[in-house]
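Take a look at the structure below.
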Amino acid sequence: MKKKYPYHLFIFFIIFYSNIFSQTYLNLDWSDEKIEINNQFVLDPLIGVFSKHYIEYFKTKNSDEVYIYDTHHFKSKINSEINEINDEILIPNVNILEISDLKAKITNKDTVLFYNFSDLKLFEDKSGLDNNYKIFKLPGLQKEDIIEIMYTVKKRYNFNGNKNIQQSFPIILADFILIENDFKSNIKIYNSKYSIANDTIIDGKKAKFVRFKYIDKTVNEQYSTPIANKIKISYQCYENDKKISQNEYWGNLVNNVSQLFFPSSVNKKINDVFEEIKYNYRKTPFNELSKANAIDKYVKNNFTISDENDEKLNNLNYILENKKSNDFSIIQVYTNLLKIAEIEYEVAISCNRFYFKFDPEFFDPNQLREFIIYLPKIDKYISPNRIEYRVSEPPEDLIGNYAMYIDKSLDYYFSEIVLTNNDYSKINKNINVSFSKKLKNATIDESRSFTGYWGLLNRNYIYLSESEETEFLVDYFTLSGLENKKILKYKIINFDLDNNSTNEPLLISSKIQTTDLVKNEADSIILFPGKVIGLQSNLFEKEKRWNPIEINFPNEYDYNIKFDIPKGYTIANFENLNIYKKYVSVDGNITAKFKSNAKFNNNTLIINVNEFYKSLRYEKNRYDEYRDVINAAAKFYESSVLLEKI
């Protein structure tokens, strides 16, 4: 026995040594773990039995090169009939060097099928319709099949990354494993209150481990940001001999962009550009606001934004000569012009709040996606890569998110991007309705005005169309929700994008004819006055609310409506047209309201409607109150009154 002990120890050492110096994905095998499916998930079409993410930072033995091996090992059960989505393996194709391995195991009542990487290559979708993913289709999947997949992609070193843990289907068990090896790491968990990262050892290697249980599927609700609300993990991994604080990461970013955002000297060609701006775009008085608007208007009218992957598009001389840039480097044109114009500015870096909630406490380059210029003296913003914006409020998908603000001294601070004027966005309508003698047809004469984000969004639709009178736009800008609609007149003015700089209302007038407002029955005539405000969203279904309430932007609607009722008819009862619902915030202010007020005099039905949403966010635990306001508008749209012969 003594002679065999060293031999066994030698074999153990070889196995242990091999595990330490090989990538972890090579040691993974099919799971025999039994996981019970919770009753709350049995009705879902697809159930994630488990989902395990392995991120390994691996330094090669014979060089200092570092690679990342990103492995996803997951098992799912199909509960209902298979559809197109279920049979696809989607492997992200962004910043990867190669797919190192891919295999699948399909288990049903009768058989177990195994597919290796070579087998699955035969089922690769090479249509190229989505370059962000490599797609492999699994053949012959059926109801009740259990699918187990393992794939690994090799990536170049990057000190950071993130993973979405939550998906569009429920997951019973999910693990995230960051294998550090000889590196150090930081992890931040989002949207999961009770999960923590623990230190552990995987295959003899230092790692961090996070476990999640019974993850609900994401729910795509109205008035919410479901993608940003997903459970996710962000991580940083860096050399063991370095200790980098979050403040150092932010400071390094400032140093890296300092010359782009705050050039120490102005490019020589900028002088000629600024002289051209003063000559062609100057307005009286030539103050900070008019100068900033002139610069913004000039750049957006003369430069194009390209999505080409061309290094020259980062070079300011090339950009100025060719009037062409990418959506990031165009900021150099602005910062040089603002410097020569002696306009004080700051640069704010943030991200679309519908996809990411900016976190000042954890440096993640994935949230550094949007660059806007803040003018502190006039409290307005320039949006360099958004053609429809002028010097005004910040973009609507950034308001309410935090941002990193950098000033001319290269100091930085974090602050919420705030909409300074909650009355910025309004829709006003004046609607006059008349009827034919026999009440078969109604003629609707309407004028609309859009300001704020409504004006910006609608002008952009026009800008992207062939003309302001395309068939789509004429239908879009006239009354919606009618099955029968004949356009008699249509006119649109103030649709040029430059009107966004002064928030000049976008004006649309139209006259249409329809048979949808009146229903003639055997012994009565029913009028549907609510239809003149157009289709309304609703929250009629009383379901559990999953996401916090967050709207696109604060906005208001004012409608003045007049119905000329033919002589010989009256309206017996119109009390159902008087609706009032409100949401009162904790400070006592009304922050959401729908109110309609109806009067009937001298054969004229007059209705005034006022609806507004003054806040960006509303309390989730008061969802029913918010729901009542939304549904009040929808109920008004569905309202009807009885016309009686006198």
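The values are calculated or read from the model by the stated rules, or taken from the named source; none is laboratory data. Quantities reported herein were computed from a predicted structural model and do not represent experimental measurements. Cβ atoms come from the backbone with ideal geometry, glycine included; neighbour counts cover every protein chain shown. Side chains included, ligands, DNA and RNA excluded: accessible areas come from the protein's heavy atoms. Shrake-Rupley method; radii C 1.70, N 1.55, O 1.52, S 1.80 Å.
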Order of exposure, largest accessible area first, which applies to F183, F159 with probe 1.4 Å: F159, F183
Simple spin-label estimate for Y133 and D558 in nanometres, 7 Å along Cα-Cβ: 4.8
Å² of accessible area per residue within region 252-373, as computed with a 1.4 Å probe and no ligands counted: 48
Region 205-220 - phi-based ³J(HN,Hα) in whole Hz, Karplus 6.51/-1.76/1.60, Gly and Pro as x: 10, 5, 8, 10, 9, 10, 10, 10, 10, 6, 8, 5, 5, 5, 10, 8
Reported label for calculated volume of the Cα convex hull per residue in Å³ given (i) 159; (ii) 231; (iii) 203: (ii)
Cα gyration tensor, region 272-393 - rounded (a/c under 1.5), prolate or oblate: oblate
Per-peptide average of other Cβ atoms within 10 Å, ordering 491-497, 467-473 highest first: 491-497, 467-473
Rel. contact order, % - alpha carbon contacts under 8 angstrom, at least six apart, the chain: 9
Residues of region 544-626: accessible area per residue with a 1.4 Å probe, Å²: 49
Solvent-accessible area, 1.4 Å probe, carbon plus sulfur percent, for region 346-484: 44
Cβ charges +1 (Lys, Arg) and -1 (Asp, Glu), total dipole of region 192-261, debye: 280
Between region 410-429 and region 575-632, the Cα center-to-center distance that results, in Å: 24
For region 183-224, alpha-carbon Rg and Dmax in angstrom: 14.7, 47
Within the accessible area of region 519-646 (1.4 Å probe), percent carbon and sulfur: 46
Residue-by-residue Karplus 3J(HN,Hα) for region 221-231, coefficients 6.51, -1.76, 1.60, Hz, glycine and proline x: 8, 5, 6, 7, 10, x, 5, 5, 8, 4, 5
Above-threshold pairs, the threshold being 27 Å between Cα atoms, out of K77/K213; K230/K544; K440/K489; K489/K645; K426/K599; K59/K242: K489/K645
Share of Cα-Cα pairs in region 431-587 lying beyond 29 Å, as whole percent: 34
Shape category assigned to region 358-472 from the gyration tensor of Cα positions, a/c cut at 1.5: prolate
Three-way shape label, region 143-258, alpha-carbon gyration tensor, a/c 1.5: oblate
Table column - 3J(HN,Hα) (Hz), region 475-490, Karplus curve with 6.51, -1.76, 1.60, x for Gly and Pro: 5, 5, 8, 10, 3, 8, x, 9, 6, 10, 8, 10, 7, 9, 8, 7
Radius of gyration, Dmax [region 296-359; alpha carbons; angstrom]: 13.6, 38
At least 18 Å along the helix axis (C-alpha) and Kyte average at least 0.5, DSSP helices within the chain: 4-20
Share of pairwise Cα separations in region 512-646, more than 23 Å, in percent: 41
Per-residue [θ]222 nm for the chain (sum of -39500 (n - 2.57) over DSSP H runs n ≥ 4, rounded to 500): -5500 deg cm²/dmol
S306 long-range amide H proximity, modeled H, under 5 Å: S325, N326, D327
Kirkwood Rh in Å, taken over region 432-513 so that all alpha-carbon pairs contribute: 13.6
